[in-house]
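A.B. asks: Just dropping this structure here.
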Amino acid sequence: MKRFVIYPGSFDPLTNGHVNIINRATKCFDEVVIAVAVNSNKNSILDIDERIRTIKEVFKKNKKIKVDRFEGLLVHYAKKKRIKTILRGMRTVQDFEYELQMARSNNILDPEIETIFMVSDANYSHISSSLIKDIIKLGGVAKAFIPKIVENELKKKLKKKV
Ligand code: ADP
């Protein structure tokens, strides 16, 4: 039986931390579905289509990785996809409380859904999408934290140094 997992998030933008988790997940699962949340957050740096396009481009050579979008409750999306496992990354204790709340709530909303966690590689545990956004907004250079394809997309969009 094939093992599927959903890796949900905002990915605004995709960082090297996300990439590390996704690549490691492909060693544990036959298919990893990166589910990009459609959120109309005014603070977003890339819109949903830009995020989807860049993530697809980053992983285009890996047939085990699929990229999709979802709106609304994650458990409804998981049911629709018939995937019962959700993967989340865990960086520091700061992630823990929020992740615990989400995992428990999702399991109550749909007891068939299990959330599993993969701890961040020490090299990436300091990276977050919001850090990238702050660096860029403050005029810094974020390329050490993001894939080249994401860097190019951000450059195109912001028409400045990334
Ligand atoms: P969300 O808005 O749902 O928190 P994110 O795009 O910020 O979505 O993150 C998606 C998932 O990736 C979350 O499980 C998050 O904890 C994890 N993650 C984010 N950054 C890193 C990182 N540097 N290393 C490992 N996991 C990470």
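A.B. asks: Between a residue in the range 122-137 that is more than 13 Å from residue 14 (Cβ to Cβ) and any residue that is more than 7 Å from the ligand (Cβ to nearest atom), which pairs come within a Cβ distance under 6 Å, given they are 6 or more apart or on different chains?
C.D. replies: Taking only residues 6 or more apart or on different chains, the pairs are 135/142; 136/142.
A.B. asks: Go through the range 1-38 and count every residue that is in a strand (DSSP E or B) and within 22 Å of residue 144 (Cα to Cα). Quick ask: steps written out before the conclusion?
C.D. replies: We begin by selecting, within the range 1-38, every residue in a strand (DSSP E or B); these are 4-9, 31-37.
Narrowing further to those that are within 22 Å of residue 144 (Cα to Cα): 9.
Residues flagged as in a strand (DSSP E or B) and within 22 Å of residue 144 (Cα to Cα) within the range 1-38 amount to 1.
A.B. asks: Within the range 35-72, track down each residue that is β-branched (Val, Ile, Thr), touching a Lys or Arg at 6+ places or on another chain (Cβ under 7 Å) and surrounded by 18 or more Cβ atoms within 10 Å (Cβ to Cβ). Quick ask: steps written out before the conclusion?
C.D. replies: If we filter the range 35-72 for residues that are β-branched (Val, Ile, Thr), which is where we start, we get 36, 38, 45, 48, 52, 54-55, 58, 65, 67.
Those still in the list that are touching a Lys or Arg at 6+ places or on another chain (Cβ under 7 Å) too: 36, 38, 45, 48, 52, 67.
Answer for the range 35-72, where residues must be β-branched (Val, Ile, Thr), touching a Lys or Arg at 6+ places or on another chain (Cβ under 7 Å) and surrounded by 18 or more Cβ atoms within 10 Å (Cβ to Cβ): 36, 45, 48, 52, 67.
A.B. asks: How many residues does the range 39-56 hold that are in contact (Cβ under 8 Å) with a residue 12 or more places away in the chain and part of a helix (DSSP H, G or I)?
C.D. replies: Residues that pass the stated criteria total 7.
A.B. asks: Something else about it: Tell me, which residue of the range 80-124 that is hydrophobic (A, V, I, L, M, F, W, C) and more than 13 Å from the ligand (Cβ to nearest atom) is nearest to residue 1 (Cα to Cα)? Can you show your working first?
C.D. replies: Just the residues of the range 80-124 that are hydrophobic (A, V, I, L, M, F, W, C), to begin with: 83, 86-87, 90, 93, 96, 100, 102-103, 108-109, 113, 116-119, 122.
Filter again for more than 13 Å from the ligand (Cβ to nearest atom), leaving 83, 108-109, 113.
On the way: 83: 13, 108: 26, 109: 25, 113: 17 Å.
Looking at the filtered set, the residue picked out is 83.
A.B. asks: Right, something else. Any chance the range 101-112 includes a residue that's among the acidic types (Asp, Glu) and over 14 Å from residue 15 (Cβ atoms)?
C.D. replies: At the first step, the residues of the range 101-112 found to be among the acidic types (Asp, Glu) are 110, 112.
After this cut, where a residue has to be over 14 Å from residue 15 (Cβ atoms) as well, the list is 110, 112.
Yes - at least one qualifying residue is present in the range 101-112.
A.B. asks: Can you tell me how many residues within the range 6-32 are farther than 16 Å from residue 90 by Cα and either near the ligand (Cβ under 7 Å from one of its atoms) or surrounded by fewer than 22 Cβ atoms within 10 Å (Cβ to Cβ) (or both)? Spell out how you get there, then give the answer.
C.D. replies: Going residue by residue through the range 6-32, those that are farther than 16 Å from residue 90 by Cα are 12-13, 26-32.
Going one step further and asking which of them are either near the ligand (Cβ under 7 Å from one of its atoms) or surrounded by fewer than 22 Cβ atoms within 10 Å (Cβ to Cβ) (or both), we end up with 12, 26-31.
Total meeting the criteria: 7.
Here, each number is a calculation from the coordinates, and none is a lab measurement. All values derive from a computational prediction rather than experimental measurement. Don't worry about glycine lacking a Cβ; one is built from the backbone with ideal geometry, like all the others, and counts go over all protein chains shown.
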